Each structure stands twice: as structure tokens, then as C-alpha cells.
2 protein chains.
Amino acid sequence: MKTLSENRCFYGTQGVYTHASSATGTDMTFGLYLPPDAADGPVPLLWFLSGLTCTHENAMTKAGAQAYAAEAGIALCFPDTSPRGERVADDDAYDLGQGAGFYVDATEAPWAPHFNMWHYVGTELPALLAKHFPIDPDRQGITGHSMGGHGALTLGMGLPGRFRSVSAFAPICHPSDSDWGRKQLTAYLGADTAKWAPHDATLLMRETGLDAPLLIDTGTADQFGDLLKTEALAEAIATRRQPAQLRLQKGYDHSYFFISTFVPDHVAFHAEALWS
Amino acid sequence: MKTLSENRCFYGTQGVYTHASSATGTDMTFGLYLPPDAADGPVPLLWFLSGLTCTHENAMTKAGAQAYAAEAGIALCFPDTSPRGERVADDDAYDLGQGAGFYVDATEAPWAPHFNMWHYVGTELPALLAKHFPIDPDRQGITGHSMGGHGALTLGMGLPGRFRSVSAFAPICHPSDSDWGRKQLTAYLGADTAKWAPHDATLLMRETGLDAPLLIDTGTADQFGDLLKTEALAEAIATRRQPAQLRLQKGYDHSYFFISTFVPDHVAFHAEALWS
């Protein structure tokens, strides 16, 4: 593991690190914020999974979460959204290939060799963090935006017991019924839709639910609202009687201005679960 | 109008009054809490509509709202849930007739002469309050529980511009698709389901939505959860992108213990809208 940068930030440290990943077969870069409390011992960890076209850097620089994580004594990890590099498959579309890993382990050519973001975010990177940083692996929460919200919800339900709290900003809620999902799940996992089910938050909510508190914010003016299929997950949450808060935030769109507005609520939500 | 009782309560006054109603053709009793600020001039008004079997008294004595309304400077009105009396039609079932007005104006025999709770709560009682008490009619909010939550949602959407804020505790969300609704709407309005639509919150949400902020709390352990059809309204809210908070509260049931737990949040929610 190599340190690319470390910056003092709200009395803690915002670092950027790179390492050779066995999951993706590439070098992977991630951001990690350690709050001041980490100097005294292990702290809880909140994952922030980013959306289409993002790297590790977008949320790290634009979501404004460090201010609240510092106060709450919580570390933040910002993984990349896919493997990258010249020998890694890609597509001209912004929503497939590099920058669009969709948090699945691909089984189909040409994606299978490198596109294993489920394993990377779910197994490899947590182990790496626990080994090298003062992180308490028993206290993890997860959030994310858009495609990263999809990742947060599917990892949250797909890895029972792992996360004490799950939240999402404008998540893709039902990819198997959306143009943000069908194309990518077909490309990465093949045409057999049964293999998509573990990567569809609405289907997971209908089948298994979530064993942790849940908070979702989505803007009523989200320009991608039709692609998110919030209504399908809303129905599934209510049908299941899943403890949850679903908030439709008036006038907010899909941008980081939306995210940063509600980041304080989300960090507080996770802090309550992670410190209790 | 006759005063049945007035009690000092959180430095304000909890009154109970009765009057001859033209809407119902009966005497109607209601509770009205005036906060201490009402001594200095008109205050905003929050309606609390009650559920099946309740009178004006249940929420007035068990919801615990006066403490917060006193602090927020908001009046509370607790209407009865139906006309009552020996010459008023009734049914042996707890969920039809007296105590079960469903906030509609009945058109069918034997209910039509007296069961006009839509007109009573929507028109007659507000005018009476504005005439006799220091209430600001331009600042009204509405909430309710169960059948009363149904009333709050349907009056909220059915009288655009009337209420600055709408909330509900465990509301009946989709009565035309529930055993808490089909029987009553058939009895009061007849078998033509087109006439039910203005009294079904899910259908109203799909068609017109709400021009005010909305907060709904329902317990995940609600023993009547299957009758509420929360999932239908959840889907309709998300499909419409209606600004709203829908909270599924872990482990809470349908009781006043549930209501009183979240009454502080609801009064604060209304206070923000009513005083802004």
C-alpha cells in the first residue's frame, strides 16, 4: 500500500492511498478520513460509495462529510467506483465499464477479469483497512449516492450483520427495472435475470429486508428520478414493514449540493447506530 | 355553544364544548386546547382527528400533545368522530356508524341525514372556532390517527390551500382496497367506487398530491398494518415525488403509546410550517 497524499482536515487526516488489489487485478485508489479520535484508538467506519463517472475523489472533496465525521469520531472511506487502466475493459458510454462498476462481481466477457467491485468493497478493502488503520471492524456503516446508493443498499442487505446502519442519497432502487441497471447487469452478469436479484435493492427488500436502521433521501426535482425507481423500493419497504425513514426532499436534484445539504443528517444517523 | 368544562393545562386552557351542528343535525362535542399565547391574540390551529371508536376525548387525554402545543404556541382541536344519539343510525360493528364517521358526507340511507363529517370538520367547525376563539384561520395544520389519519390526509389533499402542514399517525392509506374502507364507503357513499376516490389518500396522491409538507409515522408492529395499506401510499408518494417524510417506526404498534412517542416530532413539524 502506498500513500499518495495525507492532509490535515478538521483536526484529523484525509488520506489517499493506492494498493494492488487481488479482487480487481489492478491498482486501486481510495480515500480515507480519520477523525481526531483515531489517534487514541480504533474508531467506527462509514463507507461512502460513489455514483457513475466518479472516482474516490468526488465525495471526498464535495460532500462535506469530514466536518461531521470529525465531531462524531467516525472514519470515512471513499472507494473508487471501478477498476481502471489501459488493460481494463471499457465502453464509450458513461454508464458502463470504467467508472460504472455497479458494485457487482462480473461473470461475463470482457468484464469478468477486473470488474469485481462487490468482492473489493465487501471483502478486500475492509480487511486492508482493518490491518493498516485504527478502524473497529465491528462498527461499520454504509452510505452512497445514486449507483453508490444502490451499492450501499445491496451490500447492506447482502451482507447481513456487517453494517450497523445503512443510508443512501438518491439511490438506484430497482436496477432490474431501469435503464440504469438492465444494460449493466446484462453486460456484467449475463441475461439470466435470476442472477441480478442479489443486486437489486427492491428485490432484496421484498425477499430478505435489512437488519439495520435505514435512511434514504431523494430529491423531488431529481433529474434522474425516473431511473431511480424510488417508488418500487418505497412500496417494498412499507409492505415489509421495514424500520426505515424515506424522505422525499422538496426541490432537490441529483447533485452534490443535494448530498452536502443532508450529509449532516446522515452522519448523525450513522453515529447514533455506530456508537450505541 | 355551551362550555362543558375548562381546565388549566400547561399554562393554557383545555376546554370541552358542545354546539348544535347544522352539518350533522345533532349536538356535537369537541375539545379545544388554547396555549398561553392565545391570551395575547390569534394563534395557529392544529386539528387532531381520531380513529375508530374514539370520541373527542381519547387524543385529548392520551396523546400528550398539549405540552408541546403550549410551548409552540399552537391551539389543538379534537373533534368527535361521528354524530351520536338515539335518533342517529348505528350498526353493531365497531367500525360502522357511531364512532366511525370516516370523514365523509354520507349519501346513502340510513346514514345520509347525520353522517356528514367531511362538511362538519372541513367547514362548519372551523368557522365556529374562528368566530368564538382566538384562532388564526390562515394558519391551520391537520393530523390524525388511523381513521383520523385517513381524514387528515384526505382533507389535506381535498381542500387545497387550507392546511399549511399535514401529518398522520398510522393512517388508513387506501380504504378502497381495504376492509377498513370498502364496507364503510359502500355504506355511506354507495357501490359506485368513483364516488370513493375523493376519500382515498392513495388515489388522491396519485391524482392531485398535496400542496403542503407531509409527515407520516407508522409502526412496524402495527397489529392493523395489513388494513392500513401503507405500501400503496408509499409507492404513490415516491411516484409523484411528493415532498414527504414516511417513517416506519421499529417495534411500535397502533396504540396511544405509539402516538405519544412521536407527538413531539409532529407538533414540531407543524409548528415549523405554521409559524413560518
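General observations
- Measuring nothing but how far apart in sequence close Cα pairs (under 8 Å, 6+ apart) lie, relative to its length, segment B:187-274 scores a relative contact order of 34 percent.
- For segment B:2-274: span of alpha carbons on each principal axis (Å, largest first): 49, 43, 32
- Gaussian network model of chain B, springs between alpha carbon atoms under 10 Å - residue of B:214, B:189, B:159 with greatest fluctuation: B:159
- Where segment B:177-276 is the region considered: accessible area per residue in Å², 1.4 Å probe: 40 Å²
- Under 12 Å, Cβ to Cβ, from residue A:121 - net charge with Lys/Arg +1 and Asp/Glu -1: -2
- Rounded to whole numbers, the Karplus 3J(HN,Hα) couplings from phi for segment A:180-193 are 8, x, 4, 4, 6, 5, 5, 5, 7, 10, x, 7, 6, 5 Hz, using 6.51 cos²θ - 1.76 cosθ + 1.60 with θ = phi - 60°, and x at Gly and Pro.
- Summarising the strand pairing of the protein assembly as shown, around 55 percent of its internal DSSP beta bridges are antiparallel.
- Label point distance in nm, residue A:159-residue A:130, each placed 7 Å from Cα along Cα→Cβ: 1.0 nm
- Taking every C-alpha pair closer than 8 Å and separated by at least 6 residues, the mean separation divided by the residue count of chain A gives a relative contact order of 17 percent.
- Shown here for segment B:49-127: chymotrypsin sites (Phe, Trp or Tyr not before Pro) in loop regions (DSSP other than H, G, I, E, B) with at most 13 other Cβ atoms within 10 Å, namely B:94.
- Estimated 222 nm signal from helices in chain B, with DSSP H stretches of n ≥ 4 weighted -39500 (n - 2.57), rounded to 500: -8500 deg cm²/dmol
- Accessible surface buried upon A-B contact (total; probe 1.4 Å; Å², nearest 100): 1700 Å²
- Apolar share of the accessible surface for chain B: 50 percent from carbon plus sulfur atoms, 1.4 Å probe.
- Among beta bridges from DSSP that stay inside segment B:2-274, the antiparallel ones total about 50%.
- Solvent-accessible surface, computed for protein heavy atoms with a probe of 1.4 Å, shrinks by 30 Å² or more for the following residues of segment B:239-254 when the other protein chains are added to the isolated chain: B:241, B:243, B:244, B:245, B:246, B:247, B:248.
- Non-local lysine pairs in segment B:2-274, meaning eight or more places apart or on different chains, with alpha-carbon distances under 24 Å, amount to 7.
The values are calculated or read from the model by the stated rules, or taken from the named source; none is laboratory data. Quick caveat: nothing in here was measured; it's all calculated off a predicted structure. Cβ coordinates were reconstructed from backbone atoms using ideal geometry, including for glycine residues, and neighbour counts include every protein chain displayed. These accessible areas exclude ligands, DNA and RNA; they are computed on the full protein's heavy atoms, side chains included. Shrake-Rupley method; radii C 1.70, N 1.55, O 1.52, S 1.80 Å.
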